[in-house]
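Single-structure report; data block below.
The values are calculated or read from the model by the stated rules, or taken from the named source; none is laboratory data. On a predicted model such as this, the values are computed, not experimentally measured, just so you know. Cβ atoms come from the backbone with ideal geometry, glycine included; neighbour counts cover every protein chain shown. The accessibility values were calculated without ligands, DNA or RNA, using every heavy atom of the protein model including side chains. Shrake-Rupley method; radii C 1.70, N 1.55, O 1.52, S 1.80 Å.
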Amino acid sequence: MAEPIYVPKINNNDDEVKLIGVDISVGDFVDAGQVIAQIETDKAVVDLESNNEGYVLVINGELESILQVGDVFVWLGQSKDEAIPESNKKNNSVQSAQQSSAPTAKAKILLQKYNLKADDIPASGTRLSASDVQDYVSNLGHGSSPQRSSPQNMPAKTITAEETKPIVSGTEIALKSHERGMLSTVTWHRDVAAAGYIELPYDQSFWEAYSQSFGNQHGLLLSPLLPLMAWRLVELCAENPRINATISEMKRYEYDQTNLGFTIQSGNILYLAVIEAANQLDELSFVNRMIELQRNAASHKLNPNELQNATIGFSSMARWKVGRHIPILSPHTTMMIAHTVDTNGQAVLGASYDHRVLHGGDVVNTLQKLSKPKPSN
């Protein structure tokens, strides 16, 4: 019997995703766990894996099209000519008919803010999406502007800078999924956050001593220095929820849990791996989990849910002995810690931060506390 692969729900607030890459064709045989496509949400670009093995019977969706969460994306069969269940065909047709032209939840919010009607805006998919509304507003920006009560009521991202075509001749190369993810992150940092940066030199001997003692106590083969510093950042989120927050609808949105995102360079790919609900782990469990994700990244075996929904970030370039690096904020975060040790052995802690949420004093206070292990009681 044919088996469906559904469009997954990546983020709680997303009821649609964009199809940006397809790695299979009708008639191909795919294995369970094989990457079949790349999808883009408001927060990340992730690989979509097959949950079964079989022959590809149908692919519902074209590149750059909008897919509805919960719809069938691919049908798999035990043979190339297996039939698709008629009941599912009818259900999908009814569902598509019911959803046609209806705005998504995010689109409804933007329609209300801009005092627009859904019928006036062309939809790129079966439903009117938030991106459709934003594109419409962007086009209006070249002439008239939609009515709104005040500039403060505008969503964070409305009109983005237009890219101009290069004058010098060259070749256009399609971006891979991780490159599109980086582009999405950088664009959010550029267009939404009011980004600032502060750094603080510090004495790393306290962390080196604590790291060595911790590693010996628990029989760790690798130095746990960076995981221990990241764990301290998780503790600081509990002490000051402002650093584990973002801006949403003109309010500070403090997260209920801490999802610690940390950068991992694996070959030419830069990952932001995420330890979800890090605040629910103890120190040793957190260190082991971070080491596990580093190993998974080295072999490019991170799961999609290990690459999304960071609420705060940590990045280190100590291995390259640089004196300074200013990391890009991940979407919907307000702080990314920058750690390095230069060629002279000087350790430096820095932070990129969203000035809409934090001021310099908040950042300096966090860096000062992060420069040493938590005092023992």
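Which residues, counting only those in the range 218-251, are closer than 13 Å to residue 314 by Cβ and open to solvent by 40 Å² or more (accessible area, probe 1.4 Å)? Can you show your working first?
Step one: filter the range 218-251 for residues closer than 13 Å to residue 314 by Cβ, giving 225-237, 243-244.
Correct list: 226, 235.
Being closer than 12 Å to residue 304 by Cβ, in contact (Cβ under 8 Å) with a residue 60 or more places away in the chain and surrounded by 15 or more Cβ atoms within 10 Å (Cβ to Cβ) is the filter here, so list the residues in the range 9-39 that pass it.
The answer is 10, 11, 38.
This table checks each residue for (1) touching a residue at least 24 places away in the same chain (Cβ under 8 Å); (2) assigned to a strand (DSSP E or B); (3) open to solvent by less than 30 Å² (accessible area, probe 1.4 Å); (4) of a type in the set (S, T, N, Q).
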{"site": "284", "(1), (2), (3), (4)": "yes, no, no, no"}
{"site": "291", "(1), (2), (3), (4)": "yes, no, yes, no"}
{"site": "301", "(1), (2), (3), (4)": "no, no, no, no"}
{"site": "319", "(1), (2), (3), (4)": "no, no, no, no"}
{"site": "330", "(1), (2), (3), (4)": "yes, no, yes, yes"}
{"site": "344", "(1), (2), (3), (4)": "no, no, no, yes"}
{"site": "348", "(1), (2), (3), (4)": "yes, yes, yes, no"}
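Cβ contacts < 9 Å: first residue farther than 13 Å from residue 195 by Cβ, restricted to the range 355-368; second residue assigned to a loop (DSSP other than H, G, I, E, B) and not small (Gly, Ala, Ser), any location; separation 6+ or different chain. Result?
362/240; 365/240; 366/240; 366/358
Here is a list of conditions, (1) at pLDDT 70 or above; (2) closer than 27 Å to residue 247 by Cα; (3) among the basic types (Lys, Arg), and residue 157 meets all of them except one; can you say which number that is?
(1)
When the residues of the range 300-326 are filtered to those that are charged (D, E, K, R) and on the phi < 0 side of the Ramachandran plot, which remaining residue is nearest to the chain's Cα centre (by Cα)? Reasoning before the result, please.
Here is the first cut: in the range 300-326, the residues charged (D, E, K, R) are 301, 306, 319, 321, 324.
With the extra rule that they be on the phi < 0 side of the Ramachandran plot, the set shrinks to 301, 306, 319, 324.
Working: 301: 17, 306: 10, 319: 25, 324: 24 Å.
That would be 306.
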